[in-house]
């Protein structure tokens, strides 16, 4: 194996094992920032030794052992300082060897619990949504600061500052490294799911930049979602989010042309949808139904995505069921964005005029004032009603609000097409 191959292997092992390492160390040290530093030390040790000694048979165990030794040294130094401060005059209660066994035992707890603790800590609501997303990708996704910066199209120093500040905030606020219980657990779980879906959505429909989709972010969100579903298999909303992400991700290959231009849902080649992801998503959704959790917001959105996945053609889509599901979603997750999506479904089921009436009722919603999809949807409905001049104005307004280059170009193209149709009618 060449040095290049070994380095690639180390990168792959780190991506798989880093969250487990950090989780175990964080429980032992009660400090997420220090845990990551020591895990990084173990990675550096691998980069130094494996090119000479070769990749060990169990690389994950090697990294964990190296990280344990560093953590134990840290704790022993801390204990030594505490003893000096207390000016203890009596002999230690146990010999160094016994002390080491005790410290090692602290790392041998159930790893699933450790990962859950890490997820809940990284997604703590005391942090901003952006900080939670960056820290989660760093600690659980194993991404470098540069990779996160490129994924979100943010300067690397900005991401680095977010991560440093997030870890400092967790330490300063003395956020416990634990899985919360009772009502707090439900609230914190909602924060975890929000972060994962934020990461996924940024990959599925990028808010800015030159690319409409960033599959690597979708893949990371799904990978972490699968981990969470494995750790919390009885949580319907965890499974609902996983189902939603799997089904939506099945369309990624069909969402853009070879040159990166967007392809809207009605025009996609459904033979390019990934059948494996669809099956996995539908299986997760079936588990939600068995758990009786179909009325949760993520479960309802997954059920909507499933309607599209089950339709062999765009024309076969059950828009009436989708509109009904959106109505249910507005009750459990009231939002003008959900209302806008419901208007689209109603328009597809009952006609553009019915949908336009619902869209116009949202015109004064403050949250939609600078939301480019409001004029975009309105432009589409006006176009279908052959009110092309009005549709052109709406698409131009949507293009002016859009931050993503590909989406802006698509909206401008639709504005031009409406202008041509208006001239043709005159």
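Read-outs throughout are calculated quantities, based only on the coordinates presented, and are distinct from any laboratory measurement. The structure displayed is predicted, hence computed values, not measured ones. Cβ coordinates were reconstructed from backbone atoms using ideal geometry, including for glycine residues, and neighbour counts include every protein chain displayed.
Which of 68, 167, 257 ends up with the largest GNM mean-square fluctuation for the chain, with Cα atoms connected below 10 Å?
In the Gaussian network model the winner is 257.
Once you place label points 7 Å from the Cα toward the Cβ at residue 165 and residue 424, how far apart are they in nm?
Here the modelled spin labels are 5.2 nm apart.
Could you give the semi-axes, largest first, of the ellipsoid that matches the chain, computed as the square roots of 5 times the alpha carbon gyration tensor eigenvalues and rounded to whole Å?
Values: eigenvalues 469, 101, 82 Å².
The three semi-axes for the chain are 48, 23, 20 Å.
Can you give the relative contact order of segment 110-227 as a percent, counting alpha carbon pairs under 8 Å and 6+ residues apart? It would help to have the intermediate numbers written out before the result.
Numbers: 125 pairs, mean separation 33.3, N = 118.
For segment 110-227, the relative contact order is 28 percent.
For the chain, take the longest principal axis of its alpha carbons; what is the angle in degrees between that and the long axis of helix 275-290, to the nearest 10 within 0 to 90?
80
Taking 2.2 N^0.38 Å as the expected size of a compact globular protein, what ratio does the Cα radius of gyration of segment 110-227 give against it, to two decimals?
On the way: Rg = 13.9 Å, N = 118, 2.2 N^0.38 = 13.5 Å.
Here the Cα radius of gyration is 1.03 times the empirical estimate.
Please give the helix 111-122 orientation as an angle from the longest Cα principal axis of the chain, in degrees from 0 to 90, rounded to the nearest 10.
60
Rounded to whole Å, give me the distance from the Cα center of segment 225-301 to that of segment 383-426.
Rounded to whole Å, the Cα centres lie 31 Å apart.
Quick one: check the C-alpha center-to-center distance for segment 28-62 versus segment 160-213, whole angstrom.
Value for the Cα centre distance between the two parts: 25 Å.
Starting from the Cα gyration tensor of segment 340-426, multiply each eigenvalue by 5, take the square root, and state the resulting semi-axes largest first in whole Å. Numbers along the way, then the final one.
Numbers: eigenvalues 74, 61, 20 Å².
Output for segment 340-426: semi-axes of 19, 17, 10 Å.
Most mobile of 14, 50, 319 per a Gaussian network model of the chain (Cα springs, under 10 Å)?
Top of the fluctuation ranking is 50.
Give the relative contact order (percent, whole number) for the chain; include only Cα pairs under 8 Å separated by 6+ residues. Before the final figure, lay out each step's value.
On the way: 559 pairs, mean separation 44.2, N = 426.
Contact order relative to length: 10 percent.
Which value at 222 nm does the chain reach when only helices count, each DSSP H run of 4 or more adding -39,500 (n - 2.57), with the total divided by all residues and rounded to the nearest 500 deg cm²/dmol?
For the chain, the value works out to -23500 deg cm²/dmol.
Please state, as a whole number in µm²/s, the translational diffusion coefficient that the Stokes-Einstein equation yields for segment 6-59 at 10 °C and 1.306 mPa s, with Rh defined as the Kirkwood radius across alpha carbon pairs.
Values: Rh = 11.5 Å.
So the translational diffusion coefficient is about 138 µm²/s.
Expressed as an acute angle from 0 to 90° and rounded to the nearest 10, what is the orientation of the C-alpha long axis of helix 182-204 relative to the principal long axis of the chain?
60
Where Rh denotes the Kirkwood radius from the mean inverse Cα pair distance, what is Rg over Rh for segment 281-339?
Details: Rg = 11.7 Å, Rh = 11.9 Å.
Using Cα coordinates only, the ratio equals 0.98.
As an exercise, use a Förster radius of 30 Å and the Cβ-Cβ distance of residue 267 and residue 173 to find the FRET efficiency, rounded to the nearest 0.05. All intermediate terms of the calculation are to be shown ahead of the outcome.
Working: r = 49 Å, r/R0 = 1.62.
The calculated FRET efficiency here is 0.05.
As an exercise, use a Förster radius of 51 Å and the Cβ-Cβ distance of residue 321 and residue 389 to find the FRET efficiency, rounded to the nearest 0.05. Before the final figure, lay out each step's value.
Details: r = 35 Å, r/R0 = 0.68.
Efficiency computed from Cβ-Cβ geometry: 0.90.
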